[in-house]
Ligand SMILES: Cc1cc2nc3c(=O)[nH]c(=O)nc-3n(C[C@H](O)[C@H](O)[C@H](O)COP(=O)(O)O)c2cc1C
């Protein structure tokens with residue numbers, strides 16, 4: 001083993017589980033489900049490969065939670081129908097068979113104003129999102145539509161969707177769920193000042209804007225067993241605004257983490273959507289959203305954004321600024337990334353076309369085959 005990465009292979013407790021290493025697959029939308037949103041057998045193989053390759057936790061792609069407004073993309077999986085539940089059961093079984101220590105966590109996602117497959121969207125406030133819809137084969141293009149401001153009934157229905165899907169995740173064999181409150185989607189739209197100008201109890205201060213995500217968390221916790229993992233993902237940057245930072249920087253981070261510190265989250269996952277931790281999580285005063293989250297909440301913190309750079313990952317964990325690392329793009333081309341790092345083997349590079357051209361697994365496989373993986377770099381080149 002390469003000694004300077006030893007800390008990444010040190011066991012750590014997460015609730016009732018003892019993890020054997022710090023490697024997590026970050027949630028990644030793949031648009032590979034059937035047209036009905038059911039996971040395919042190919043998706044089961046895709047997720048099982050990460051377990052086989054040494055990742056201790058696999059967080060799934062964002063999965064929609066109701067048949068109302070939560071779905072974001074065509075071919076996104078849901079966990080709402082019987083067919084979808086059966087598809088996910090095959091995935092969790094295959095992952096657990098591949099490595100009995102591996103945990104699989106379902107990411108609960110509501111797209112809110114950033115839904116791409118429809119012109120009828122809802123959001124905290126009727127505010128046109130920045131940017132353009134992400135072109136997908138056969139999908140809608142152009143600006144995002146103006147969303148309808150959510151009524152109290154919409155809030156209740158969206159919350160019910162999160163809770164019922166968490167229960168279905170438990171039944172489908174997942175080890176936990178992650179509440180997606182990052183990257184600009186519905187729950188993040190509540191937290192963010194310019195997408196939430198509500199004048200009721202869900203708008204105003206950060207405490208009030210966090211009210212709905214907290215209500216979702218509390219309702220899920222009340223519905224699942226105590227040892228079922230319930231984490232939350234937060235971020236500053238957004239898919240449609242990669243350079244967005246919390247106005248007020250580290251002071252806002254302190255306010256946010258103080259507001260949620262007494263809640264029983266299994267972990268807090270800080271995303272750097274654009275893949276650059278320093279740009280998206282670090283403050284001028286040398287602190288970071290993850291170090292502040294760790295200090296204030298004392299909970300297990302997952303750090304993200306270029307963590308295939310093991311020097312950076314090792315530093316953050318050694319300095320007790322984070323406990324676990326999640327890896328996105330580099331995991332697509334290296335499902336065995338933890339094994340490779342353990343053995344000092346080079347990582348295969350990632351290339352942009354894997355995202356730009358298509359997110360489907362079949363296409364990814366073809367592209368990987370077509371492009372020789374010849375890098376001899378010790379860390380993956382993310383280009
Ligand atoms: C293809 C792709 C799909 C993604 N889909 C999701 C998603 O469904 N949910 C989410 O929270 N983040 C999603 N992300 C963001 C990643 O989880 C991660 O934050 C980002 O890739 C930065 O990590 P990295 O530098 O290790 O790639 C996605 C990223 C990629 C590349």
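Values quoted throughout were computed directly from the atomic coordinates according to the rules given, and no laboratory measurement underlies them. All figures in this text were calculated on a predicted structure; none of them were measured in a lab. Cβ placement follows ideal geometry from the backbone for every residue including glycine, while neighbour counts extend to all protein chains displayed.
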Quick one: compute the contact order of segment 278-367, relative version, from alpha carbon pairs under 8 angstrom and 6+ residues apart, as a percent.
19 percent
Taking the simple approach of a point 7 Å from Cα along Cα-to-Cβ for both residue 118 and residue 355, what is their distance in nm?
2.6 nm
Placing each pseudo-label 7 Å from Cα in the direction of the beta carbon, residue 167 and residue 245 end up separated by a distance in nanometres of 4.4 nm
Contour excess over end-to-end distance, with Cα ends at residue 295 and residue 151 and 0.36 nm allotted per residue:
48.2 nm
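Which whole-number percentage describes the relative contact order of segment 3-343, with Cα contacts under 8 Å and a sequence gap of 6 or more? Show your work: numbers first, answer last.
On the way: 744 pairs, mean separation 58.0, N = 341.
Answer for segment 3-343 is 17 percent.
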Once the piece of chain linking residue 36 and residue 93 is laid out straight, how much longer is it, given 0.36 nm per residue of separation minus the C-alpha distance between them?
18.4 nm
Can you pull the one-decimal nm distance between simple spin-label points at residue 315 and residue 20, each 7 Å off the Cα toward Cβ?
3.0 nm
Give me the extension gain from residue 284 to residue 208: residue separation times 0.36 nm, minus the current Cα-Cα distance, reported in nm with one decimal.
24.7 nm
Using R₀ = 41 Å, calculate the FRET efficiency as 1/(1 + (r/R₀)^6) where r is the Cβ-Cβ separation of residue 345 and residue 140; round to 0.05.
0.45
Place a point 7 Å from the Cα of residue 160 in the direction of its beta carbon; the residues of segment 214-248 whose amide N falls under 20 Å from it are 214-224
Starting from the Cα gyration tensor of the chain, take the square roots of the eigenvalues, sort them a ≥ b ≥ c, and report rounded, prolate or oblate (rounded when a/c is under 1.5, otherwise prolate if a/b is larger than b/c, else oblate).
rounded
